[in-house]
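Trainee: Let me begin by handing over the structure; questions about it come next.
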Amino acid sequence: MSDPILAWHFVTENRTLRDGQKVRAGRVYRLPKGSQPVLCKVGYHGSVRALDALQYAPGPIVCRVELRGTIVEDTDKLVASERKVLWVADATKTLRLFALAAAEGALKAERKRGREPDKRSWDAIRVTRNWLMGKASDEERFAAHSATSAAHSAARHPRRPPTGRPDRTALHYADGEPTRLLDQWDGADLAIVV
């Protein structure tokens, strides 16, 4: 038996585990007697860092949990024979704000490298943040998403003038390598999809 470990665990919007059990704060979930936890197969999983738990998240409901009993540790997750749910919260808005911050960081990194991101990407982040705060309509968010999608498409499929050279104005790239800019468009897409 290991010492208890505090961890993070995400579940679906309907607050159920993959086996169909409802998640409730204060409840302890246990493997049947004789069962041993096996990473990715059997047991009650969690991650010490919330960021690690996100990559396994089937939904936006976050649980703060205590893993107990027999615990198997990996680099970014753990599995235990018992998991006590300490509290449960809907993290949808927080996750969307996190995605916006990540997208904004990607655009700032491009700017720092001397490649100015398309204005539509900045607008998408601004409109989505306003939408989350109740200051922009669904229609405005959809329009910003459409504009960003157009910018993304332009970067992936540049127009070709009669000379056969890509239209650098449409792509906003400095050295003829549009793929280096695609991360910026993907980051902005992330901001709008959230």
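The values are calculated or read from the model by the stated rules, or taken from the named source; none is laboratory data. Keep in mind the model is a prediction, meaning the values are calculated, not measured. Reconstructed Cβ throughout: ideal geometry from the backbone, glycine too, with neighbour counts over all protein chains shown. Just the protein is used for accessible areas: all its heavy atoms, side chains included, with ligands, DNA and RNA removed. Shrake-Rupley method; radii C 1.70, N 1.55, O 1.52, S 1.80 Å.
Trainee: Would you say Ala109 is surrounded by 12 or more Cβ atoms within 10 Å (Cβ to Cβ), in a helix (DSSP H, G or I) and modelled with pLDDT under 95?
Mentor: Here the answer is no, as Ala109 does not meet what is asked.
Trainee: Is one or more of the residues making up region 112-129 closer than 24 Å to Thr12 by Cβ and of a type outside the set (Asp, Glu)?
Mentor: Yes, some residue in region 112-129 is closer than 24 Å to Thr12 by Cβ and of a type outside the set (Asp, Glu).
This table checks each residue for (1) under 19 Å from the mean Cα position of the chain (by Cα); (2) of a type in the set (D, E, K, R); (3) at pLDDT 95 or above.
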{"position": "Arg64", "(1), (2), (3)": "yes, yes, yes"}
{"position": "Arg68", "(1), (2), (3)": "no, yes, yes"}
{"position": "Val72", "(1), (2), (3)": "no, no, yes"}
{"position": "Thr75", "(1), (2), (3)": "no, no, yes"}
{"position": "Ala80", "(1), (2), (3)": "no, no, yes"}
{"position": "Arg83", "(1), (2), (3)": "no, yes, yes"}
{"position": "Val88", "(1), (2), (3)": "yes, no, yes"}
{"position": "Ala91", "(1), (2), (3)": "yes, no, yes"}
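Trainee: Further question on the same structure: Based on what the data block shows, is Val88 assigned to a strand (DSSP E or B), in contact (Cβ under 8 Å) with a residue 24 or more places away in the chain, in contact with a helix residue (DSSP H, G or I) (Cβ under 9 Å, 6 or more places away or on another chain) and closer than 30 Å to Arg24 by Cα?
Mentor: Spelling it out, it is not the case that Val88 is assigned to a strand (DSSP E or B), in contact (Cβ under 8 Å) with a residue 24 or more places away in the chain, in contact with a helix residue (DSSP H, G or I) (Cβ under 9 Å, 6 or more places away or on another chain) and closer than 30 Å to Arg24 by Cα.
Trainee: Glu104 fails exactly one of the following numbered conditions: (1) touching a Gly at 6+ places or on another chain (Cβ under 7 Å); (2) touching a residue at least 60 places away in the same chain (Cβ under 8 Å). What is the number of that condition?
Mentor: The failed condition is (1).
Trainee: Any chance region 1-12 includes a residue that's open to solvent by 40 Å² or more (accessible area, probe 1.4 Å), within 30 Å of Ala144 (Cβ to Cβ), touching a helix residue (DSSP H, G or I) at 6+ places or on another chain (Cβ under 9 Å) and not in a loop (DSSP other than H, G, I, E, B)?
Mentor: Scanning region 1-12, I find no residue that is open to solvent by 40 Å² or more (accessible area, probe 1.4 Å), within 30 Å of Ala144 (Cβ to Cβ), touching a helix residue (DSSP H, G or I) at 6+ places or on another chain (Cβ under 9 Å) and not in a loop (DSSP other than H, G, I, E, B), so the answer is no.
Trainee: Return the pair list, or none, for Cβ contacts closer than 8 Å from residues in region 54-70 that are closer than 9 Å to Ala7 by Cβ and outside any loop (DSSP other than H, G, I, E, B) to residues that are among the charged types (D, E, K, R) and open to solvent by 50 Å² or more (accessible area, probe 1.4 Å), at least 6 apart or on different chains.
Mentor: Matching pairs, first to second residue: Val65/Lys84; Glu66/Lys84.
Trainee: Do you know which of the residues in region 124-144 that are open to solvent by 40 Å² or more (accessible area, probe 1.4 Å) and touching a residue at least 24 places away in the same chain (Cβ under 8 Å) is nearest to the chain's Cα centre (by Cα)?
Mentor: Per the stated criteria, the residue is Arg129.
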